[in-house]
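The values are calculated or read from the model by the stated rules, or taken from the named source; none is laboratory data. Fair warning: this is a prediction, and the values are worked out from it, not measured in the lab. No Cβ is skipped: glycine too gets one built from the backbone with ideal geometry, and neighbour counts run over all protein chains shown. All accessible areas refer to the heavy atoms of the entire protein, side chains included, with ligands and DNA or RNA removed. Shrake-Rupley method; radii C 1.70, N 1.55, O 1.52, S 1.80 Å.
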Amino acid sequence: MSDVFNRVKEIVNSYLEIDADKIKPESKIADDLGADSLTTMDIVIGLETEFNIEEIPDEAIQKIVTIQDIVDFVEEHQS
Amino acid sequence: MRRVVITGIGIVSPFGIKNDAVWDKLINGQSGIKNITYFDTEKYPCKIAGQLLQGEEDGAFHAEDFVSKRDQRMMDTFMVYGVAASQLAIEDSGWAPSSDHQYERTGVMVGSGIGGLQSIEETAIDLYEKGPRRISPYFIPSTLINLISGQVSIKYGYKGPNHAVVTACSSGSHAIGDAFRLIQRNDADVMVAGGAEAAICRTGIGGFCALRALATKFNDAPEKASRPWDKDRDGFVMGEGAGVVVLEEYEHAKNRGASIYAEVVGYGMSGDAHHITSPPEDGNGARRSMEDAARDAKINPEQIGYINAHGTSTPVGDQIELRAIKSFLGEQGAKEASISSTKSSVGHLLGAAGGVEAIFTAMALKTGVLPPTLNLDNPDEECQGLDLVPHTAKEKSIEYALSNSFGFGGTNASLILKRV
């Protein structure tokens with residue numbers, strides 16, 4: 001697993017407090033991990049801070065379904 | 001008219017979170033006032049408060065015992081206190097709805113004076129330092145006062161009236177009074193009602209310091225700082241926590257064999273129409289509030305055996321309340337009634353004060369013990385001829401007791417409880 005994945009996993013888990021083993025690249029953030037829309041936005045802020053991303057646009061957030069989607073986005077935009 | 005009784009009490013206070021232990025400390029004359037440890041008080045003229053018990057102390061408050069770490073993200077501290085006290089009160093009452101109808105007839109009315117001040121303070125700093133993007137989506141729902149009621153309703157599935165009261169330091173009393181009316185008027189059978197506050201933070205202490213409302217002469221002897229009606233009083237001492245009761249229609253409570261602390265029989269309200277922070281010299285707002293409560297209870301003021309006063313330990317407010325009480329009780333009534341301020345022990349819990357003080361008033365009726373007014377070493381002239389239960393608790397069997405709460409904006413609330 002990539003370093004980015006592990007960091008994403010850690011952040012997501014700090015918001016959701018679920019069994020960390022449940023967080024896999026293919027996990028759906030809403031359906032599998034139980035995050036509602038507010039929690040998802042909270043996680044986004046955490047990701048922006050952790051990866052020093054200025055602002056993840058709403059269109060990009062809407063496209064994020066799985067953990068792998070986050071990892072891809074971060075790897076593309078990390079500064 | 002439907003009768004309303006208290007069948008559960010939940011308290012989160014500087015004396016802990018266990019009802020019996022809190023009451024024991026109160027009637028044994030202990031003080032919950034200590035040095036503030038939440039932030040560096042060096043630049044603040046007031047350095048003391050009634051914080052909740054911490055760490056390993058018996059009765060210490062641990063947020064995670066009531067609200068998961070995850071859910072704490074969506075609740076300011078005041079909300080966690082309110083949800084915790086509601087849980088304690090509900091468990092104490094034993095009320096567990098089992099049908100849709102019962103869920104729909106159970107409501108929540110827990111207020112606060114200020115609400116999510118700590119989150120507002122912290123978010124403002126984040127906004128200044130990091131910009132608007134870093135504001136949490138939970139910021140707004142974590143600070144709104146009615147979200148205690150919202151959270152309790154969601155947690156327990158209560159689908160009755162979902163409401164909250166905001167009347168500064170009388171929020172808790174108004175919430176209980178309004179919930180009492182809702183049950184009387186058949187809008188609900190059971191109401192979870194009270195108040196919560198968590199303002200021992202930089203803006204909270206700094207803000208009340210700016211008003212010159214806090215005690216500042218006793219930073220080296222915190223337990224002596226809250227001294228209602230004493231000549232050396234110089235302001236109130238802030239406390240924090242929550243006081244919540246389960247109110248229930250009398251037959252409903254009897255049918256399920258619930259144990260009853262006391263009956264709520266009267267509720268009075270008034271406005272001073274005078275000044276944002278000071279009551280009028282003659283205390284007519286406070287007097288009218290008490291008179292309305294007595295009229296509502298259909299009793300004469302002389303029948304009141306105990307008054308749990310607002311008595312905050314401020315120079316002007318204390319005197320005016322006594323003036324109002326004397327005028328309300330009349331000469332004979334004032335000789336016979338006992339009056340005390342439990343703020344001398346736990347401080348002023350602001351929007352939670354009415355909640356915890358209604359609980360203390362109910363306990364006084366139930367146990368026949370009146371909690372003392374601590375630090376009343378040199379009573380003010382206004383105290384002459386009154387029994388203010390100085391220093392030590394007093395055994396006295398009473399039938400009716402009244403609890404006063406007054407708030408900024410010139411708002412007054414009085415509740416009358418009856419021994420059952």
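Sort B:Ser31, B:Ser327 from largest to smallest accessible area, using a 1.4 Å probe on the heavy atoms of the protein chains.
Of B:Ser31, B:Ser327, the descending order of accessible area is B:Ser327, B:Ser31.
Specify the inter-centroid distance of segment A:20-60 and segment B:47-68, based on alpha-carbon positions, in whole Å.
Cα centroid to Cα centroid, the span is 32 Å.
Need one number: nm distance between label points at B:Glu331 and B:Ala210, each 7 Å from Cα along Cα→Cβ, rounded to one decimal.
If labels sit at B:Glu331 and B:Ala210, their model points lie 4.8 nm apart.
Please list, ordered by chain and number, the residues whose modelled amide H lies under 5 Å from the amide H of B:Asn300; skip anything fewer than 5 residues away on the same chain.
Amide H neighbours of B:Asn300: none.
When only the heavy atoms of the protein chains count and the probe is 1.4 Å, how do B:Ile114, B:Ile200, B:Ile140 rank by accessible area, highest first?
The ordering from most to least exposed comes out as B:Ile140, B:Ile114, B:Ile200.
Take the Cα of B:Asn255, step 7 Å along the line toward its Cβ, and report every residue of segment B:75-98 whose backbone nitrogen sits under 20 Å from that point.
B:93-98
At 1.4 Å probe size, with the rest of the protein present, what percent of the exposed accessible area of segment A:3-77 is carbon and sulfur atoms?
Numbers: 1790 of 4030 Å².
Its accessible area is 45 percent carbon and sulfur atoms.
Accessible area of chain B with a 1.4 Å probe: how many percent of it is carbon plus sulfur?
49
Taking accessible area as the heavy-atom solvent-accessible surface of the protein chains with a 1.4 Å probe, which residues of segment A:3-38 lose no less than 50 Å² upon going from the isolated chain to the full protein assembly?
Output list: A:Tyr15, A:Glu17, A:Leu38.
How big a patch of accessible area, both sides summed and in Å² to the nearest 100, lies buried between A and B at a 1.4 Å probe?
In total, this chain pair buries about 1200 Å².
When the C-alpha atoms of segment B:263-418 are aligned to their principal axes, what extent does each axis show, in angstrom, from largest down?
Cα spread of segment B:263-418 along its principal axes, largest to smallest: 38, 36, 32 Å.
Given H placed 1.01 Å from N in the peptide plane, which residues other than close sequence neighbours of B:Met238 have an amide H under 5 Å from its amide H?
For B:Met238, whose amide H was placed from the backbone, the distant partners under 5 Å are B:Gly50, B:His348.
Are there DSSP H segments in chain B that both extend 15 Å or more along their axis (alpha-carbon positions) and score a mean Kyte-Doolittle hydropathy of at least -1.0? List them, or say none.
Values: long enough: B:77-93 (24 Å, 0.72); B:117-130 (19 Å, -0.41); B:171-184 (19 Å, 0.15); B:284-297 (19 Å, -1.40); B:315-336 (26 Å, -0.44); B:353-367 (21 Å, 0.99).
Once both thresholds are applied, what remains is B:77-93, B:117-130, B:171-184, B:315-336, B:353-367.
What are the residues of segment B:99-147 that lose 20 Å² or more of accessible area, with a 1.4 Å probe, going from their chain alone to all protein chains?
Listed by number, the residues meeting the 20 Å² cut-off are B:Arg133, B:Arg134, B:Pro137, B:Tyr138.
Would you mind classifying chain B by shape? Square roots of the alpha carbon gyration tensor eigenvalues, ordered a ≥ b ≥ c; an a/c under 1.5 is rounded, otherwise it is prolate if a/b is larger than b/c and oblate if not.
oblate
Could you compute how much accessible surface B:Thr216 exposes when probed at 1.4 Å, giving the result in Å² to the nearest 10?
Approximately 60 Å² for this residue.
If you find the alpha carbon centre of segment B:323-391 and of segment B:105-128, how far apart are they in angstrom?
Each part's Cα centre sits 30 Å from the other's.
Pairs B:Lys159/B:Lys254; B:Lys18/B:Lys396; B:Lys155/B:Lys217; B:Lys47/B:Lys231: which exceed 32 Å Cα-Cα?
In this structure, B:Lys155/B:Lys217 lie more than 32 Å apart at Cα.
Mind checking which lysines have their Cα closer than 29 Å to the Cα of A:Lys63? Skip sequence neighbours fewer than 8 apart in that chain.
Cα-Cα hits under 29 Å: A:Lys9, A:Lys22, A:Lys24, A:Lys28, B:Lys69, B:Lys130.
Provide the per residue accessible area, probe 1.4 Å, for chain A, rounded to a whole number of square angstrom. The partial results should precede the final answer.
Working: 4430 Å² over 79 residues.
Accessible area per residue, chain A: 56 Å².
I'd like to check one number: the per residue accessible area of segment B:276-420, probe 1.4 Å, reported in Å² as a whole number.
Accessible area per residue: 33 Å².
Looking at the protein assembly as shown, send over the antiparallel percent of its DSSP beta bridges, to the nearest 5.
Here the share of antiparallel DSSP bridges comes out near 70 percent.
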